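The structure appears right after this line, and notes come after that.
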Amino acid sequence: MKYTERIIAEVQKKDAHHPNFIQAVTEVLESIDSAVEAHPEYKEASLLERLVEPERIVMFRVPWIDDKGKIQVNRGFRVQFNSALGPYKGGLRFHPSVSLDTVKFLAFEQTFKNSLTTLPMGGGKGGSDFNPKGKSDNEVMRFCQSFMTELSRHIGADTDVPAGDIGVGAREIGYLFGQYKRISNQFTGVLTGKGLDYGGSLARTEATGYGAVYILQSLLQDNDLDLAGKTVIVSGSGNVALYMIQKLQQLGAKPITASDSDGGVYDKDGIDFELLQEIKEVKRGRVSDYAQKRPSAQYYEGKGVWSVKADIAMPGATQNELDLDDAKTLVANGIKALVEVSNMPLSLEAIKYVQEQGILYLPSKAANAGGVATSGLEMSQNSLRLGWSFEEVDLKLKHIMQSIYHDSKQAAELAGQPGNFLIGANIAGFNKVAHAMMAQGAV
Ligand code: NDP
Ligand code: 2IT
């Protein structure tokens, strides 16, 4: 049995109750096999055993008082997965579906993604099963203050730097930062995604969506295709999906769908970015509100957007949003490219199918790395105690996405799998982490 296969089997056994984590580990280990086999010293050093075991997991009670004066209790998590390349870095997710499995898979993925950015960041992720939806601002604030009261013991600008993810945006980061500052008596870059008035970076809000479109551009150009004029199906309507839609339009493409957990909208005239932004960011509304305001839009309750015919698909909502049947529908509809923008949006079978069918495919570790890369740039600005212009940050983001494309492509070629960006991104991300872990000894 190969070393990678043995470790996958061990994780399946040890973490049998963590299916998403098993899925993420399987995807990575299967694809880095050639890079691992080329270095017998990795097996000697039990490198993979260490790579799949988080350095530290913190789980805690989050009690908070709702508007009726009742004490509510949620569960909080922070998984500090790997610090070989820098302080733990990764977002916080507030969603009722969040479990230890969710944050473990995300922190594992984050380790390789952060490596791909080439910035000095280790991998971590956290969150809670708290649902911000339908809560008042005061309730969200009291929850965030309680959450940070415990989390503050475990993080720091040189230790672990959280950011946003699903359910954690500018409002939540503001409350979390305020409480950290109050407890620690320090104004430091302990969180990213901060407001522009208090240490945030220009272009961080837009970065994940913009970055995904920049790397899509590299992929299309490399294949003699033009982004202008292409129709794109997008899922989600949160931070990532919104700014992906904006950048696609700026570059002449036509995004025609958006969705949330209640349903999807198809707008034959192309999504009206300002209207969707107003509904989602200002009013905290639903995509069904969008459909009501746009005569050209159709709303599909409870349905995904994958049956809409288009040139390109960019899932941007959550994990496992496309299974094998959805992938077959996309291929049957003549899709040319699929860019994963949410974390782990495709099942293992769906990825395999899309690749076998010769669809241009970019995995999420490469495609959504622009968010955390710009968080890395926010950390740099905080350390320097100065701020760069939007154009400067955006240009750096563009260069990072181009170099992720190039490094992943090159790693795939070296592995004898030209054009396989799953293998390329995973190997390029893994190599750096592996070298650093070997250099740092048995830790
Ligand atoms: P938001 O909370 O801003 O938006 C999430 C969107 O996805 C909403 O439209 C939400 O709909 C939908 N959604 C969430 N959970 C589900 C679900 N279980 N089923 C169906 N729809 C769902 O989050 P982001 O836009 O920040 O994150 C989207 C994805 O991108 C996530 O996978 C995240 O991990 C990833 N990502 C985010 C980065 C960032 O910088 N923010 C960076 C890199 C990756 P509803 O309102 O109904 O819940
Ligand atoms: O999944 C991700 O990369 C994020 N949610 C962003 C993490 C960060 O630290 O900016």
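The values are calculated or read from the model by the stated rules, or taken from the named source; none is laboratory data. This structure is a prediction, so every number in the text was calculated from the model and none was measured. Note that each Cβ is placed from the backbone with ideal geometry, even for glycine, and that neighbours are counted across all protein chains shown. The area values use the complete protein model at the heavy-atom level, side chains included, leaving out ligands, DNA and RNA. Shrake-Rupley method; radii C 1.70, N 1.55, O 1.52, S 1.80 Å.
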Those residues of segment 185-205 which are assigned to a helix (DSSP H, G or I), closer than 27 Å to Leu248 by Cβ and away from ligand 2 (no atom under 13 Å from the Cβ), in sequence order: Leu196
Residues that are among the basic types (Lys, Arg), in a helix (DSSP H, G or I) and within 16 Å of ligand 1 (Cβ to nearest atom), drawn from segment 135-168: none
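Could you list, in sequence order, the residues of segment 89-119 that are polar (S, T, N, Q) and either within 12 Å of ligand 2 (Cβ to nearest atom) or in contact with a strand residue (DSSP E or B) (Cβ under 9 Å, 6 or more places away or on another chain) (or both)?
Hits for segment 89-119 are Ser99, Thr102, Gln110, Thr111, Asn114, Ser115, Thr117.
Matching residues to (1) within 29 Å of Asn320 (Cβ to Cβ); (2) away from ligand 2 (no atom under 16 Å from the Cβ); (3) not polar (S, T, N, Q):
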{"site": "Leu360", "(1), (2), (3)": "yes, yes, yes"}
{"site": "Ser375", "(1), (2), (3)": "yes, no, no"}
{"site": "Leu386", "(1), (2), (3)": "no, yes, yes"}
{"site": "Gln410", "(1), (2), (3)": "no, yes, no"}
{"site": "Ala415", "(1), (2), (3)": "yes, yes, yes"}
{"site": "Gly419", "(1), (2), (3)": "yes, yes, yes"}
{"site": "Ala425", "(1), (2), (3)": "yes, no, yes"}
Among (1) more than 21 Å from the chain's Cα centre (by Cα); (2) crowded, with 24+ Cβ neighbours inside 10 Å, the one test that Lys328 misses: (2)
Tabulated pairs, segment 423-438, first without any contact (Cβ under 8 Å) to a residue 60 or more places away in the chain, second assigned to a helix (DSSP H, G or I) and of a type in the set (A, V, I, L, M, F, W, C), C-beta under 7 angstrom, 6+ apart or interchain: Gly424/Ala411; Gly424/Ala412
Qualifying strands (runs of 3 or more DSSP E) (wholly inside segment 208-289; at least 2 residues being open to solvent by less than 10 Å² (accessible area, probe 1.4 Å) and touching a Pro at 6+ places or on another chain (Cβ under 8 Å)): 231-234
Val354 vs. criteria away from ligand 2 (no atom under 16 Å from the Cβ), open to solvent by less than 30 Å² (accessible area, probe 1.4 Å) and either closer than 30 Å to Thr188 by Cα or aliphatic (A, V, I, L, M) (or both): yes
Residue within segment 143-159 that is open to solvent by 10 Å² or more (accessible area, probe 1.4 Å) and within 18 Å of Ala436 (Cβ to Cβ) present: yes
The listed residue being open to solvent by 60 Å² or more (accessible area, probe 1.4 Å) and touching a residue at least 40 places away in the same chain (Cβ under 8 Å), out of Lys293, Lys365, Lys303: Lys303
The lone exception for Ile404 - which of (1) within 16 Å of ligand 1 (Cβ to nearest atom); (2) touching a strand residue (DSSP E or B) at 6+ places or on another chain (Cβ under 6 Å) it fails: (2)
Which numbered condition Tyr266 misses (of (1) within 14 Å of ligand 1 (Cβ to nearest atom); (2) within 18 Å of Gly316 (Cα to Cα)): (1)
Filter result for the condition that a residue is modelled with pLDDT of 95 or more, within 16 Å of ligand 1 (Cβ to nearest atom), part of a helix (DSSP H, G or I) and open to solvent by 30 Å² or more (accessible area, probe 1.4 Å), over Arg171, Arg182: Arg171
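Return yes when Gln381 is assigned to a helix (DSSP H, G or I) and at pLDDT 95 or above and no when it is not.
The answer is yes for Gln381.
So that you can scan it fast, the table gives a plain yes or no per residue for (1) of a type in the set (D, E, K, R); (2) farther than 22 Å from Lys293 by Cα; (3) out of contact with any strand residue (DSSP E or B) (no Cβ under 9 Å at 6 or more places or on another chain):
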position: Val190; (1), (2), (3): no, yes, no
position: Arg204; (1), (2), (3): yes, yes, no
position: Val213; (1), (2), (3): no, yes, no
position: Gln221; (1), (2), (3): no, yes, yes
position: Ile245; (1), (2), (3): no, no, no
position: Gln250; (1), (2), (3): no, yes, yes
position: Ala253; (1), (2), (3): no, yes, no
